[in-house]
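Before any comments, here is the structure.
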Amino acid sequence: MVEIDQWTQARNLREVEPMARDLIATLLEVEPSSFEVAVELGVSFQRAGQLLNR
């Protein structure tokens, strides 16, 4: 997560939002439900997904 200069890892796309939410909540010492999380996929990642789905 570039905005906060911290990193986490998810095994699949379903885990991205919960992992990001947990990291942010831990760093800011707030409840995980107290903020919004928006996940944006990079162009290269989207292209890889298109190629895999063929």
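Results, tabulated for the structure shown:
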read-out: So Leu41, is it at pLDDT below 85 and under 10 Å from the mean Cα position of the chain (by Cα); value: yes
read-out: Residues being outside any loop (DSSP other than H, G, I, E, B) and farther than 15 Å from Glu40 by Cα - total across segment 1-29; value: 8
read-out: Extreme residue, modelled with the lowest pLDDT, among residues of segment 7-37 that are touching a helix residue (DSSP H, G or I) at 6+ places or on another chain (Cβ under 6 Å) and not aliphatic (A, V, I, L, M); value: Thr8
read-out: First in segment 28-46 and on the phi > 0 side of the Ramachandran plot and of a type in the set (A, V, I, L, M), second anywhere and modelled with pLDDT of 95 or more and surrounded by 10 or more Cβ atoms within 10 Å (Cβ to Cβ), Cβ under 8 Å, 6 or more apart; value: none
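The values are calculated or read from the model by the stated rules, or taken from the named source; none is laboratory data. Quick caveat, the model's predicted, so the values are computed rather than measured. With ideal geometry, Cβ positions are generated from the backbone for all residues, glycine too; neighbour counts draw on all protein chains shown.
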